[in-house]
Amino acid sequence: MRYLANAATLGLSAEKCVGCGMCLEVCPHDVFTLEGKKAVIRDLDACMECGACAKNCPVGAVSVRSGVGCASAIIKGMLTGGEPTCDCGGKGGADNCC
Amino acid sequence: MSEIKLAFKKPAPDGPPSACCAQPSVDISGPRLPQPWLAGFVNSPAGPVPRISTVLDRGDQWGRFKCRVSSYRDDYTVPPGLYAAGDPDGGSEVVASANYKFSFDMLRRQLKGINAWVLVLDTKGINVWCAAGKGSFSTGELINRITSANLKELVGHRRIVLPQLGAPGVSAHEVKRATGFRVHYGPVRASDLPDYLGAGLAATKKMRTVGFTFMDRLVLTPMEIIPMMKKYPLYALFILAAFGLEPSGILFRDAFRGGFPFLLLGLVPVLSGAFLTPLLLPYIPFRSFAVKGWIMGAASLYLSMRFIPWRSAARTNGLLLAACWLFFPMASSYIALQFTGSTPFTGMSGVKKELKTAIPVYLASVLISAALLVLYKLALWRFLI
Ligand code: SF4
Ligand code: SF4
């Protein structure tokens, strides 16, 4: 399943990357691959902007504007002028969460 | 550790639970086991550690069911801290979990026959995925738990297994720097954990990727339908008022006879947006959820228009028909868009992009269909034409 094309804000600095493979390990959508000693974005549209890669890259080579992809939260954020926060309690792919 | 404190978290009566409020706690020194899912204690260099049962009993199953259909899950927690599965020792792996009991149950069910330590983080009763996004399943919380559970005394190695979906909240290199423990991200699904542990902490690509199967989507639909049905009485009231309204006051017979088909039609977008669209998601054309929901809404409306007992001339009224076609597919689209909050593949930028066009369209269609309804009423009262 794919969401909107070219919407994801994922960026990767090949210059900073040390090829540790951490971003490949944490990404739940297999967005990255290693080419030689560098990570590359293989499938941008599969990215759901969860932020796991950026958080776990030891050299800060990955950047992504992460946040909740939840319509009601974003609408609420727009109305209150704040960042959208998810108030869905334990919601979200329940069995996907261990 | 001479006594083990199990804190039972209850939200403060007025407002969300906060980390600082005094939590009533129960001391269980000795053999008293207040939790039915505990099965004795394990002795360790760091003191006695409660052992968890790896079989779910009827109470656990019932709680699991309730989690699917209600907001009961808001207060469904496990006291954070260290637990044992089986008979772990200094060489056993440490597995981290959220303190949402549903997640915790899914984990302990998989630990049958496995000797491991389980470190439960305080995620305020929220699952790993949401907690990582919200910041309660975090680097700081993990570091604190590793320290307070005295993991360094407990095990000889320096490895800790985290659910992969916790990665958005935890910075593995910072945990390593602070505690010496190397974070290994385990599989996405708890059901793959035995294989992952058996393979010496090696995950296959399949374990690493999030799926969204028919069953995954099906179990999420109750939480889409129920919130929408809570809004239904309001809609019903509006419809009855609109159809019963006469220059002389509200006529209940008219309200029901004229409004009845529309009360039924009001259920159609809920069915199509909150049930059919999530279920058939991959098969509906276009990537946008708003468009998918509109398509399903229009198709469902078309079918239901033919089977609804009209009992009045409304069916042939052009103004009402136009209002129907404008409003109901749009409502379905709006409801379907809510499902973006439950899928594991929709990102924030994409949803924002959808909303930018969708919201003005929604507002316009609500206003125009309301205006059409007013025109219909005016024509009925012969104020027009
Ligand atoms: S985590 Fe960072 S350094 Fe490691 S491979 Fe990915 S981009 Fe490169
Ligand atoms: S933000 Fe999440 S989904 Fe996107 S590339 Fe990073 S880890 Fe993968």
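The values are calculated or read from the model by the stated rules, or taken from the named source; none is laboratory data. This is a predicted model, so every value here is computed, not measured. Ideal geometry is used to build each Cβ from the backbone, glycine not excepted, and the neighbour counts take in all protein chains shown. Surface areas here come from the heavy atoms of the whole protein model, side chains and all, with no ligands, DNA or RNA. Shrake-Rupley method; radii C 1.70, N 1.55, O 1.52, S 1.80 Å.
Going by the structure shown, is residue B:174 of a type in the set (Asp, Glu), under 17 Å from residue B:82 (Cα atoms) and modelled with pLDDT of 95 or more? No; evaluated as a whole, the condition is false for this residue.
Scanning the stretch B:84-129 for residues that are free of Cβ contacts under 8 Å to residues at least 40 places away in the same chain and assigned to a strand (DSSP E or B), we see that the one that is farthest from residue B:43 (Cα to Cα) is B:100. Against the list (1) of a type in the set (A, V, I, L, M); (2) open to solvent by 20 Å² or more (accessible area, probe 1.4 Å); (3) not in a strand (DSSP E or B), the condition residue A:34 fails is (3). Scanning the stretch A:23-51 for residues that are on the phi > 0 side of the Ramachandran plot and more than 9 Å from ligand 2 (Cβ to nearest atom) yields a total of 1.
Taking the conditions (1) open to solvent by less than 50 Å² (accessible area, probe 1.4 Å); (2) in contact with a strand residue (DSSP E or B) (Cβ under 9 Å, 6 or more places away or on another chain); (3) more than 10 Å from ligand 2 (Cβ to nearest atom) in turn, residue A:60 satisfies each one other than (2). Annotation for the stretch A:66-84: no member residue is in contact (Cβ under 8 Å) with a residue 24 or more places away in the chain and within 9 Å of ligand 2 (Cβ to nearest atom).
Results for (1) within 17 Å of residue B:208 (Cα to Cα); (2) of a type outside the set (Phe, Trp, Tyr); (3) open to solvent by 40 Å² or more (accessible area, probe 1.4 Å); (4) within 9 Å of ligand 1 (Cβ to nearest atom), shown as yes or no for each residue.
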{"residue": "A:5", "(1), (2), (3), (4)": "no, yes, yes, no"}
{"residue": "A:11", "(1), (2), (3), (4)": "no, yes, no, no"}
{"residue": "A:22", "(1), (2), (3), (4)": "yes, yes, no, yes"}
{"residue": "A:29", "(1), (2), (3), (4)": "yes, yes, no, no"}
{"residue": "A:41", "(1), (2), (3), (4)": "yes, yes, yes, no"}
{"residue": "A:47", "(1), (2), (3), (4)": "yes, yes, no, no"}
{"residue": "A:67", "(1), (2), (3), (4)": "no, yes, no, no"}
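For the stretch B:327-356, filtering for residues that are over 20 Å from the mean Cα position of the chain (by Cα) and among the aromatic types (Phe, Trp, Tyr) leaves 2. Just one of (1) open to solvent by less than 10 Å² (accessible area, probe 1.4 Å); (2) out of contact with any strand residue (DSSP E or B) (no Cβ under 8 Å at 6 or more places or on another chain) fails for residue B:113. It is (1). Look at residue B:344 and say whether it is within 30 Å of residue A:30 (Cβ to Cβ) and within 14 Å of chain A (Cβ to nearest Cβ). Yes; evaluated as a whole, the condition is true for this residue.
Quick one: is residue B:207 within 12 Å of chain A (Cβ to nearest Cβ) and either in a helix (DSSP H, G or I) or at pLDDT 90 or above (or both)? Yes: the conditions hold for residue B:207. Across the stretch B:157-170, a minimum of one residue is classified as more than 29 Å from the chain's Cα centre (by Cα) and free of Cβ contacts under 8 Å to residues at least 60 places away in the same chain. Residues that are open to solvent by 60 Å² or more (accessible area, probe 1.4 Å) and without any contact (Cβ under 8 Å) to a residue 24 or more places away in the chain number at least 3 in the following helices (runs of 4 or more DSSP H) confined to the stretch B:276-349: B:289-307. Reported count of residues in the stretch B:210-247, each being open to solvent by 40 Å² or more (accessible area, probe 1.4 Å) and farther than 28 Å from residue B:377 by Cα, is 8.
Determine whether residue B:126 is in contact with a Phe, Trp or Tyr (Cβ under 7 Å, 6 or more places away or on another chain) and modelled with pLDDT of 95 or more.
Considered against the rule, which asks whether it is in contact with a Phe, Trp or Tyr (Cβ under 7 Å, 6 or more places away or on another chain) and modelled with pLDDT of 95 or more, residue B:126 comes out as no.
Of everything in the stretch B:160-181, what is within 11 Å of chain A (Cβ to nearest Cβ) and either assigned to a strand (DSSP E or B) or open to solvent by 30 Å² or more (accessible area, probe 1.4 Å) (or both)? Give them in sequence order. I'd like the intermediate steps shown before the answer.
Residues of the stretch B:160-181 that are within 11 Å of chain A (Cβ to nearest Cβ), as a first pass: B:161-177.
Listed by number, the residues that qualify are B:161, B:162, B:173, B:174, B:176, B:177.
Contact annotation: residue pairs with Cβ atoms under 9 Å, 6 or more positions apart or on different chains, pairing a residue in the stretch A:8-22 that is within 14 Å of ligand 2 (Cβ to nearest atom) with a partner that is aromatic (Phe, Trp, Tyr) and not in a loop (DSSP other than H, G, I, E, B), are A:12/A:32; A:21/A:32; A:22/B:185. When the residues of the stretch B:184-204 are narrowed to those that are within 7 Å of chain A (Cβ to nearest Cβ) and either open to solvent by 20 Å² or more (accessible area, probe 1.4 Å) or small (Gly, Ala, Ser) (or both), which ends up nearest to residue B:113 (Cα to Cα)? Residue satisfying both the conditions and the ranking: B:190.
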